[in-house]
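The values are calculated or read from the model by the stated rules, or taken from the named source; none is laboratory data. Here the structure is a predicted model, which means the values were calculated and not measured. Note that we place each Cβ from the backbone using ideal geometry, even for glycine, and neighbour counts take in every protein chain shown. Each accessible area value is taken on the protein alone, full model and side chains, heavy atoms only, with ligands, DNA and RNA left out. Shrake-Rupley method; radii C 1.70, N 1.55, O 1.52, S 1.80 Å.
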Number of protein chains: 2
Amino acid sequence: MKEKRLQHLNLLSSFLDILNQDSNPSPQVEALKQKISNKSFKKGSVLQRGGDMVSRIYYVKKGLLRSYTIDHKGKEHIFMFAPEDWIIADGADFASPCQLFIDVLEDSEIEMVDKKLFEEVYIPLTLNSDKQRTAAMIKRIAVLQERVIMLMSASAIERYEHFKTTYPQITQRVPQRMIASYLGITPEALSKVKSEKARSK
Amino acid sequence: MKEKRLQHLNLLSSFLDILNQDSNPSPQVEALKQKISNKSFKKGSVLQRGGDMVSRIYYVKKGLLRSYTIDHKGKEHIFMFAPEDWIIADGADFASPCQLFIDVLEDSEIEMVDKKLFEEVYIPLTLNSDKQRTAAMIKRIAVLQERVIMLMSASAIERYEHFKTTYPQITQRVPQRMIASYLGITPEALSKVKSEKARSK
DNA sequence: GCTGTACATTAATCTAGATTAAGAAATAGT
DNA sequence: ACTATTTCTTAATCTAGATTAATGTACAGC
């Protein structure tokens, strides 16, 4: 089995592992497998809109997704990127008041499952792999905590440097303006920061 | 049993519930009980410093704690407040690179337990109350997620208003400068914001 | 009761980053 | 290959909030 990254809530992938490892699956597990959609999406597809009543968990087999909010002025704020082997879910997954949008940044292959089904079925199936689950959630908390500290104390340059070292695999694949959005600054400010840094070398 | 708030990672309190509910405790549980410290702390006491090797989980029975980081310029950034019935833990609890300080804002009564012990003992004892545990962590994630959105998109006034409605019980009890620190602005800016708002009424 | 220290407010600058706008470069669609 | 659209960069302003500093206020210790 390929080593799994736990940068983010890596629930669905271990769920899938359990389903797949089962060499002699019960009818219950068999029925579940049918409910996991396996789909290709073109760049630009919208998987979920804030406020949608649906709530799914997406596992990125190939490609790149993002989640984001739109504030009261209509501005997008990117919440996270999800490249290969990452999990992404909408706000409902976290009982959060802010509703997240999820869309596709590169042609992608996605496995997805209904959130409710996932919660109801995953827990009984994985009681003995709870440590992994907890570890994944703790990791998620760490990422968010770090992000809060960054937003509270770091300048635009510092945030950008931090992003580059933390997510090198994403830096090259998404437009500058989206990185800027993730960092909480404007694309112009990011451009400025980069050219100033280049000049000072 | 008093209703428990789940605003934050409420692990220790359910842990304590389990220990206390046990009418005929096993020797193992009995031994554990001895390891939970029950202490009073004076305002100003420091429970943990960033970088400390100890790692505990604190349950606030009475009083008020806070956790914060100190950035490379020596500035404090308040990460969270923990009033009565809340749980607070240092960075090590989340495997976070940023080390948190924890100290006492009001004379407090605290129950605390070593993090490692907690993790090793809590999980086997509470396999069947996992849903509660997961709910607590999800709630924590929601709080952090909301905080990120706030820091990315809201102005000083908006953040202050949001804080007041979300944490009314804290607003009256901590100095302005600490609320400012939590909001990611300076005390002067908060003062300005408040007087401008008062004038415009 | 004083005195000192921490905290809050106000006002005068300063600055990082936002906004606006316009041109250059890259990408996609036909 | 050519056009259209999106993205990136640069530069000129503008502004929210930082910084600095001075004054006012409350409480703690003596």
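Out of the range A:173-197, which residues are more than 9 Å from DNA strand C (Cβ to nearest atom) and charged (D, E, K, R)? Of everything in the range A:173-197, those that are more than 9 Å from DNA strand C (Cβ to nearest atom) and charged (D, E, K, R) turn out to be A:ARG173, A:ARG177, A:LYS194, A:GLU196, A:LYS197.
For first residues located in the range A:181-192 and under 15 Å from A:ASP71 (Cα atoms), partners that are within 6 Å of DNA strand C (Cβ to nearest atom) and lie 6+ apart or on another chain with Cβ distances below 8 Å form the pairs A:ILE185/A:ALA156. Looking only at residues in the range A:155-172 that are touching a Leu at 6+ places or on another chain (Cβ under 9 Å) and within 19 Å of B:SER153 (Cβ to Cβ), which one is farthest from DNA strand C (Cβ to nearest atom)? Ranking the candidates gives A:PHE163 first.
Mind listing whichever residues of the range B:51-72 are at pLDDT below 80, over 15 Å from the mean Cα position of the chain (by Cα) and of a type outside the set (D, E, K, R)? Listed by number, the residues that qualify are B:GLY51, B:MET53, B:VAL54, B:HIS72.
Looking only at residues of the range A:73-98 that are assigned to a loop (DSSP other than H, G, I, E, B) and at pLDDT below 75, we find that the one that is farthest from A:GLY184 (Cα to Cα) is A:ALA95. For residues in the range A:162-201 being more than 9 Å from DNA strand D (Cβ to nearest atom) and within 13 Å of chain B (Cβ to nearest Cβ), which is most open to solvent (accessible area, probe 1.4 Å)? Per the stated criteria, the residue is A:THR165. What's the total number of residues in the range B:56-80 that are open to solvent by less than 10 Å² (accessible area, probe 1.4 Å), farther than 11 Å from B:PHE101 by Cα and either within 14 Å of another protein chain (Cβ to nearest Cβ) or in contact (Cβ under 8 Å) with a residue 60 or more places away in the chain (or both)? So the count comes out to 2.
Scanning the range A:108-160 for residues that are at the interface with another protein chain (Cβ under 10 Å from one of its Cβ atoms) and either at pLDDT 85 or above or within 16 Å of DNA strand D (Cβ to nearest atom) (or both) yields a total of 9.
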